[in-house]
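The block underneath contains the structure these notes are about, expressed in structure tokens.
The values are calculated or read from the model by the stated rules, or taken from the named source; none is laboratory data. These numbers were taken from a predicted model, which means no experiment stands behind them. Quick reminder, even Gly has a Cβ in these numbers, built from the backbone with ideal geometry, and neighbours come from all protein chains shown. Protein only, heavy atoms only, side chains kept; ligands, DNA and RNA dropped before computing areas. Shrake-Rupley method; radii C 1.70, N 1.55, O 1.52, S 1.80 Å.
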Amino acid sequence: MKRVDEASRRRILQRAAAMGAVVLAAPWRAALASLSPTPAQTSGPFYPDPVPLETDGDLTMLKGATARASGQVIQVSGRLLDRDGKPVPGATIEVWQANAHGRYAHPRDVNTAPLDPNFQGYARLTTDAEGRYTFTTIKPGAYPINPANPDGVRPPHIHFDVEAKGRHLVTQMYFPGEPLNEGDVIFGALGRQKQATIAQALGESAYGWDIVLGKG
Ligand SMILES: [Fe+2]
């Protein structure tokens, strides 16, 4: 049987789900038996401390603010799936990230890039009945791992913490076509699982990223 790679399986599943299709030829059924879980990655040192009071899905506009966060406004959306490709509704997804300058609003971030008082930096989302999530944010900037050493630079990425009925995944999403991706220590450690962590560009300012939860 022709080998079916992971990206193809995901595309087929997404298409089948969108069409409500359930009838598949036998070879495809075998190929679709199980999706690979999205790989776990470190939460890093900058999970919000404290978590901001505002946690809605628009990170670019704080309540009462007169200006948006600076940077390119983007929308990120996707589905949370189990290994059979079924949506996982009612899951909690926390996201957090650096601002457009590559700075976290966190006491341990000693990067000298400016803070952005208009940027929420964090959101707590719930997947809908179809396992979908969406949020509006700004494209995060790259930042040095150690400000004293300019060689190690993390590419733009968004941290995800997913909790669904006892299943827990902490990971990171990367952006397509970023030259810094390949030189990143954390991304590089993913090996053959790298592709599963890169979002799909859905236009100039929208990205799609499906997350697959493993068991337990
Ligand atoms: Fe980070």
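Filtering the range 30-73 to residues that are open to solvent by less than 40 Å² (accessible area, probe 1.4 Å) and touching a helix residue (DSSP H, G or I) at 6+ places or on another chain (Cβ under 7 Å) leaves A31, L32, L35, T38, P39, Q41.
Going residue by residue through the range 103-121, is there one that turns out to be touching a strand residue (DSSP E or B) at 6+ places or on another chain (Cβ under 7 Å), among the polar types (S, T, N, Q) and at pLDDT 95 or above? No, there is no match, as no residue in the range 103-121 is touching a strand residue (DSSP E or B) at 6+ places or on another chain (Cβ under 7 Å), among the polar types (S, T, N, Q) and at pLDDT 95 or above.
Quick check, is R108 open to solvent by 20 Å² or more (accessible area, probe 1.4 Å) and within 12 Å of the ligand (Cβ to nearest atom)? Taking the combined requirement at face value, the residue satisfies it. Candidates in the range 133-146 are the residues that are part of a strand (DSSP E or B) and either touching a residue at least 60 places away in the same chain (Cβ under 8 Å) or in contact with a Leu (Cβ under 8 Å, 6 or more places away or on another chain) (or both); of these, the one that is farthest from S77 (Cα to Cα) is I138. Scanning the range 78-101 for any residue that is open to solvent by 70 Å² or more (accessible area, probe 1.4 Å) and within 16 Å of the ligand (Cβ to nearest atom) turns up at least one such residue. Listed by first and then second residue, the pairs linking a residue in the range 87-100 that is not assigned by TED's automatic domain parsing to the domain that holds E130 to a residue that is open to solvent by 10 Å² or more (accessible area, probe 1.4 Å) and within 16 Å of the ligand (Cβ to nearest atom), with Cβ atoms under 6 Å apart and 6 or more places separating them unless they lie on different chains, form an empty list. Has the range 47-55 got at least one residue that is assigned to a strand (DSSP E or B) and more than 16 Å from the ligand (Cβ to nearest atom)? Checked against the condition, which is being assigned to a strand (DSSP E or B) and more than 16 Å from the ligand (Cβ to nearest atom), the range 47-55 yields no hits at all.
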